[in-house]
1. Suppose we filter Y169, Y214 for residues that are more than 22 Å from L267 (Cβ to Cβ), in the same structural domain as A252 (by TED's automatic domain parsing) and either within 15 Å of the ligand (Cβ to nearest atom) or not in a loop (DSSP other than H, G, I, E, B) (or both); which single one remains?
2. Conditions first: (1) in contact (Cβ under 8 Å) with a residue 12 or more places away in the chain; (2) away from the ligand (no atom under 16 Å from the Cβ); (3) within 19 Å of P263 (Cβ to Cβ); (4) not aliphatic (A, V, I, L, M). D247 passes all but one, so which condition is the exception?
3. Identify, please: which residue in segment 264-288 is buried (at least 20 other Cβ atoms within 10 Å of the Cβ) and among the acidic types (D, E) and is, among those, nearest to I117 (Cα to Cα)?
4. If you scan segment 250-264, which residues turn out to be more than 16 Å from the ligand (Cβ to nearest atom) and under 14 Å from the mean Cα position of the chain (by Cα)?
5. Which ones in segment 93-150 are touching an Asp or Glu at 6+ places or on another chain (Cβ under 7 Å) and not in a loop (DSSP other than H, G, I, E, B)?
6. Tell me, which residue of segment 217-244 that is surrounded by fewer than 17 Cβ atoms within 10 Å (Cβ to Cβ) and within 22 Å of L140 (Cα to Cα) is nearest to the ligand (Cβ to nearest atom)?
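The values are calculated or read from the model by the stated rules, or taken from the named source; none is laboratory data. Worth saying up front: this structure is predicted, and the values here are computed from it rather than measured. Cβ: placed from backbone, ideal geometry, glycine included. Neighbour counts: every protein chain shown.
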Amino acid sequence: MRIVEPKRTNSVSEQKQKPKSRFKRPVFILAVGVMMFVGFFLFLSNNSEAPISEDPTVASNQDENNSPTQATPGLQEFSGNEFRIFYDQLLQPNLDKVDTPPAITGNDIADTRIRQIAEARGYRLRSSPTSALPYVDGYLMQPSVSMSWRELKQESAQAGLSMSITSAYRSVEAQRQLFTSRLTALGVSYADIANGLADDEIDETLKTTAAPGYSKHHTGYTLDFVCAGYAFENFRNSPCFDWMSNDNYRVAKEHGFIPSYPPDADLQGPNPEAWEYVWVGTEVLYAE
Ligand SMILES: [Zn+2]
């Protein structure tokens, strides 16, 4: 302590005794001035950004929107209704868009009535393939679907399951025959339909069967699955359905498939169909 104290007093006294330069004071004042000037502008610019970057509401909203994709880059999750919207907004390759609905009964008034009821249920016109499709397992489907279907089938076998398909591409004409035979089986004539006397029967038929032009099977991207030991209408209760649909349809999505008519979507056309899946490819299903 004794050694330090004298040194301190020395240094202080030395400073005090030093003659101040004539130039140092103005330079010092100028430097302080410049610093205050710059500091003031930095203060202003920080303040102008503050309401955007520091608003807690905005910050928390951004976190909510970003955290799922940032934290777990992987398969996107969808509600039933989001599956419907996602598919309807998707533009798939190798398809010709259909703008003019095809004939159904041949009676224009009856056809208009059927289309109005179909569209009120949420049915939409679906596109048809631009080129010929290959047969896979006895069914026509888009080439991109066939690769995924083979992989899905192989993986289901490894999981101890036996899956097959019971429908893939269906032409507008095949759908027309299917729809009109089911509708007329309910005992209505085309005149009844045109006169508005068969709206209930039309709606009943549309619960299970699309009007021609409105089936997703027209695209060649849609498959109906069957699980061994279960009728295809009973796919919902099969172990194949559980395997594909667990964890927000994880296995289905890993192979590029999404449920075509999931249980909790509004206005999608038919009643929910657990057996029908649409291939969209994996690229669009993984979050960026
Ligand atoms: Zn189907």
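1. Values: Y214 fails: more than 22 Å from L267 (Cβ to Cβ).
After applying the criteria, what remains is Y169.
2. That leaves (1) as the condition not met.
3. E273
4. Taking segment 250-264 as the starting set, the residues that turn out to be more than 16 Å from the ligand (Cβ to nearest atom) are 250-251, 253-256, 264.
Of everything in segment 250-264, those that are more than 16 Å from the ligand (Cβ to nearest atom) and under 14 Å from the mean Cα position of the chain (by Cα) turn out to be R250, K253, E254, G256.
5. Answer for segment 93-150, where residues must be touching an Asp or Glu at 6+ places or on another chain (Cβ under 7 Å) and not in a loop (DSSP other than H, G, I, E, B): I117, S128.
6. Per the stated criteria, the residue is E233.
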